[in-house]
Amino acid sequence: MRSKAEVTAEYERGKHALQGNRAYDDLYRELVAIEGKETEIYERFYKDLEFGTAGIRDTVGVGTTRLNEFTAFKIARGLAEYIIDKYSSLLEAPQNNTCGQVSCMDNKDIYTKSLQDVSSFDNNTDVNSLQVGSLPESKALKVVLGRDSRNKSDVFEGIIRDVMLSFGIEVYRFDEIVPIPMISYMVCNHSFVAGIMVTASHNRKEYNGIKIFNEKGVQLNGEQAANIAGYIEKVDPLDFIDFKKHAAINDIKSISIDKREIDGYFNYLKGDIRKWETIAKENAIKNGFDISKALENIKVLYSPLNGTGLTYVLRAFDSLQFKNFEVVTSQEKPSGDFTTCPYPNPEMEEAFNEAYKVANDGFDVIILTDPDCDRMGIRVLHEGRFIEITGNEMGILFLDFLSRISGKGYGVVIKSIVTTRLIDEIAKARNIEVRNTLTGFKYMGEEIFNLEKESDKRYVFAFEESIGYLPVASLKDKDGISSSALAVFLLAYYKWQGMDLVKRLEEIYEEFGALYTLGDSFYTTGSKGLSDRDMIMQHFRDNGIDKLLGNSVIRTIDYRDKKITCGKGITCGKGITSDVDILKNGINTGFTRLPKSDVLEYEGANGDILIIRPSGSEAKIKFYAMAKRDDIHVAKEACGAILKEAIAASKAVVGYK
């Protein structure tokens with residue numbers, strides 16, 4: 001962080017560079033408007049934007065802590081220099097048509113492997129007939145580039161494109177806005193060294209960002225992000241002025257992505273739909289299941305929240321041959337203003353307010369996707385009112401269905417350590433392995449990549465509690481497109497059998513136990529917010545928690561320091577050297593094999609669990625409570641009480657009221 005004197009110097013340097021330059025009048029006016037306002041200047045210049053595993057995400061505006069033309073240039077140039085240094089040696093190596101320059105296997109092989117559980121599907125589908133498109137032969141390094149509907153996304157995308165082209169890197173880009181799952185899909189099916197998406201996902205309208213995928217089609221891991229950050233730190237953002245004057249890129253064009261590439265995604269999806277049909281027919285409690293007839297009996301209200309999802313989700317519905325849907329008109333067209341939903345996060349109840357205005361009991365479900373369409377939120381009509389299905393609950397429903405398979409292969413489901421552990425109980429009953437990762441699809445995507453190398457294993461499903469799911473094997477990031485299709489399929493499947501998703505959830509809880517998981521966050525703000533966030537984590541690490549709802553804490557797991565601490569009279573086990581040493585009721589957190597991470601887990605004497613971690617991109621602390629009771633509603637109340645205690649303790653640490 002900069003000192004006050006350094007902040008002032010950086011502010012004056014920027015103002016001097018932009019003065020009289022008409023191309024940046026809007027930014028210069030912002031600088032002039034805050035002149036003499038020490039707090040405002042400090043908030044905008046006290047540090048540089050931090051590049052992390054989610055790339056960059058922050059408010060749009062002038063300053064080194066904001067995303068603007070100059071900071072976008074800084075990120076793009078640092079990334080381009082990293083790409084040249086890391087991948088130039090691969091130009092002489094054979095190209096592989098999957099997962100970038102580092103080959104795993106042909107994606108058709110991956111796809112076939114994911115379907116080996118359903119023999120009738122194998123007999124009726126020629127996987128080699130799937131059309132995934134092809135790119136022109138080239139020896140150049142290649143990146144794929146996309147953008148969402150947010151304000152200035154087109155500007156930032158143009159800067160990234162020009163910087164990449166100036167380094168001789170070929171740029172393949174979508175002509176229109178595009179869901180972020182398509183970026184991972186493109187990298188996984190072609191020899192791209194990186195995928196780049198201009199997006200701030202589900203953040204408030206004031207935000208934008210830049211997210212990076214590596215050559216495997218996976219979000220950057222910590223080591224890669226740190227390496228790229230090292231390159232970015234060396235770039236002076238004000239060099240953008242000279243770049244615009246002198247960069248010789250006028251005659252160099254980016255390459256538009258052919259429509260057949262998009263067709264390829266949906267060809268894979270149609271294959272998955274046939275797999276779902278087979279699973280449904282084998283497991284329906286009524287004979288003669290016909291998905292076409294079942295779909296005729298449901299009606300869906302969909303909203304892309306003014307983002308990228310409309311064309312792609314409706315095409316996914318078309319792949320199901322599903323026609324009985326309506327779109328929330330006011331949220332149909334792309335817009336970065338998000339006038340009807342300033343916080344376009346389908347995980348939040350407020351995101352559904354506009355849909356509720358037009359929904360009625362003629363609709364069975366409301367489905368929302370966030371602006372970059374990697375997350376899907378859902379509300380189901382149950383006993384006359386729309387009921388939330390949480391991310392954990394939707395993941396439970398998806399796995400409950402996808403794991404009902406007969407045939408070959410040993411299945412694997414992938415989830416994070418903060419995701420519901422009811423998954424472990426379902427997987428155990430279905431003879432499926434559970435692999436836990438740290439929070440985020442950057443870790444789950446890497447696990448999927450590694451799984452492809454295991455010939456005796458097959459991918460079943462991956463998800464995280466924050467409404468991110470991947471029910472298909474053609475990419476390595478959460479996907480709101482295929483998730484929306486599967487949600488509609490399940491809705492029709494269960495209604496055909498006389499129930500809805502809420503009723504099926506009740507049956508699952510009755511079979512596997514009333515174990516509920518609930519999350520909440522405590523936000524801190526501004527430059528002090530980050531230090532408050534870190535202070536809270538240090539407090540819990542130093543002082544621990546004695547009780548959860550009056551029950552003594554018997555075990556604490558520190559994922560950063562790789563340490564387990566047990567309460568008085570409790571045996572932790574000798575050495576704690578393997579996953580087996582910390583099994584709890586048959587549930588394996590995978591503690592010892594995970595990378596170090598700033599996460600704390602507390603277990604009460606009655607089995608209640610509280611997990612605490614800081615956000616990687618925002619000034620907030622995230623809390624996750626897990627409780628098992630005789631009744632799921634009582635378990636939910638217990639989770640809420642655990643979270644209330646933890647947030648109150650956090651507020652006390654930093655003096656918040």
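The values are calculated or read from the model by the stated rules, or taken from the named source; none is laboratory data. For clarity, every value in this text was computed on a predicted model and none was experimentally measured. Neighbour counts run over all protein chains shown; Cβ positions are idealised from the backbone, glycine included. These area figures cover heavy atoms from the full protein model, side chains too; ligands, DNA and RNA do not enter into them. Shrake-Rupley method; radii C 1.70, N 1.55, O 1.52, S 1.80 Å.
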I'd like to know if region 640-654 contains one or more residues that are within 24 Å of GLU507 (Cα to Cα), under 28 Å from the mean Cα position of the chain (by Cα) and open to solvent by 60 Å² or more (accessible area, probe 1.4 Å). no
Residue within region 559-576 that is at pLDDT 90 or above and of a type in the set (Ser, Thr, Tyr) present: yes
Go through the residues of region 370-377 one by one and say whether even a single one is surrounded by 18 or more Cβ atoms within 10 Å (Cβ to Cβ), touching a Ser or Thr at 6+ places or on another chain (Cβ under 7 Å) and under 26 Å from GLU603 (Cβ atoms). no
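Residue by residue, here is whether (1) of a type in the set (Gly, Ala, Ser); (2) open to solvent by less than 70 Å² (accessible area, probe 1.4 Å); (3) over 29 Å from GLU637 (Cβ atoms) holds:
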position	(1), (2), (3)
VAL502	no, yes, no
SER521	yes, yes, no
LYS528	no, no, yes
SER531	yes, yes, yes
PHE540	no, yes, no
ILE554	no, yes, no
Checked ASP361, ASP374 against criteria (more than 27 Å from ARG204 (Cβ to Cβ) and in a loop (DSSP other than H, G, I, E, B)); the one match is ASP361
With the first residue restricted to region 24-35 and required to be free of Cβ contacts under 8 Å to residues at least 60 places away in the same chain, and the second required to be part of a helix (DSSP H, G or I) and open to solvent by 60 Å² or more (accessible area, probe 1.4 Å), Cβ contacts under 6 Å at 6 or more apart or on different chains are ILE34/GLU40
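Just to be sure, is ASP272 open to solvent by 60 Å² or more (accessible area, probe 1.4 Å) and either in contact (Cβ under 8 Å) with a residue 12 or more places away in the chain or touching a Lys or Arg at 6+ places or on another chain (Cβ under 8 Å) (or both)?
So ASP272 does not fit the description; no.
Within region 405-424, how many residues turn out to be open to solvent by 10 Å² or more (accessible area, probe 1.4 Å), under 20 Å from GLU464 (Cα atoms) and outside any helix (DSSP H, G or I)?
Final tally of qualifying residues: 1.
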Enumerate the pairs (first residue in region 355-370 and among the aromatic types (Phe, Trp, Tyr); second residue anywhere and open to solvent by 40 Å² or more (accessible area, probe 1.4 Å) and assigned to a loop (DSSP other than H, G, I, E, B)) with beta-carbon separation below 8 Å, excluding pairs fewer than 6 apart on the same chain, so at least 6 apart or on different chains. PHE363/LYS299
Among (1) over 26 Å from TYR459 (Cβ atoms); (2) buried (at least 24 other Cβ atoms within 10 Å of the Cβ), which single condition is GLU506 missing? (2)
Taking region 4-33 as the region of interest, how many residues are open to solvent by less than 50 Å² (accessible area, probe 1.4 Å) and outside any helix (DSSP H, G or I)? 1
Any residue in region 294-307 that is acidic (Asp, Glu) and in contact (Cβ under 8 Å) with a residue 24 or more places away in the chain? yes
If VAL327 satisfies all but one of (1) among the β-branched types (Val, Ile, Thr); (2) open to solvent by 20 Å² or more (accessible area, probe 1.4 Å); (3) farther than 26 Å from ASP148 by Cα, what's the number of the condition it fails? (3)
Any residue in region 390-398 that is under 30 Å from ALA351 (Cα atoms), in a loop (DSSP other than H, G, I, E, B) and in contact (Cβ under 8 Å) with a residue 12 or more places away in the chain? yes
If we keep only residues of region 605-629 that are open to solvent by 40 Å² or more (accessible area, probe 1.4 Å) and among the polar types (S, T, N, Q), then the residue farthest from GLY519 (Cα to Cα) is ASN606
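Kindly evaluate VAL60 against the criterion of being in contact with a strand residue (DSSP E or B) (Cβ under 9 Å, 6 or more places away or on another chain), open to solvent by 50 Å² or more (accessible area, probe 1.4 Å) and of a type in the set (A, V, I, L, M, F, W, C).
Here the answer is yes, as VAL60 does meet what is asked.
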Name the single residue that is most open to solvent (accessible area, probe 1.4 Å) among those in region 34-57 being within 30 Å of LYS442 (Cα to Cα) and either assigned to a helix (DSSP H, G or I) or aliphatic (A, V, I, L, M) (or both). GLU43
Residue that is at pLDDT 95 or above and either in contact with an Asp or Glu (Cβ under 9 Å, 6 or more places away or on another chain) or surrounded by fewer than 23 Cβ atoms within 10 Å (Cβ to Cβ) (or both), where the choices are ILE262, ILE232: ILE232
One residue is enough: does region 145-154 have a residue meeting the conditions open to solvent by 10 Å² or more (accessible area, probe 1.4 Å), in a helix (DSSP H, G or I) and farther than 18 Å from ASP370 by Cβ? yes
Among all residue pairs at least 6 apart or on different chains, which show Cβ distances below 6 Å where the first residue, located in region 449-473, is within 18 Å of ASP272 (Cβ to Cβ) and the second is modelled with pLDDT under 95 and polar (S, T, N, Q)? ARG458/SER114; ARG458/GLN116; TYR459/SER114; ALA473/SER114
Just give me the residues in region 450-465 being modelled with pLDDT of 95 or more and surrounded by fewer than 21 Cβ atoms within 10 Å (Cβ to Cβ), in sequence order. none
Please give the number of the condition LYS152 fails out of (1) at negative phi; (2) modelled with pLDDT of 95 or more. (1)
Find the helices (runs of 4 or more DSSP H) located wholly in region 242-332 whose residues include 3 or more that are farther than 30 Å from ALA355 by Cα, and list them. 259-283
Taking the options PHE240, PHE213, PHE192, name whichever one is touching an Asp or Glu at 6+ places or on another chain (Cβ under 8 Å), within 20 Å of LEU27 (Cβ to Cβ) and not basic (Lys, Arg). PHE240
For SER89, only one of the following conditions fails: (1) modelled with pLDDT under 90; (2) within 24 Å of the chain's Cα centre (by Cα); (3) not charged (D, E, K, R). What is its number? (2)
ASP579 fails exactly one of (1) open to solvent by 60 Å² or more (accessible area, probe 1.4 Å); (2) at pLDDT below 95, namely (1)
Any hit, region 194-212, residues being buried (at least 22 other Cβ atoms within 10 Å of the Cβ), more than 27 Å from PRO346 (Cα to Cα) and within 22 Å of the chain's Cα centre (by Cα): yes
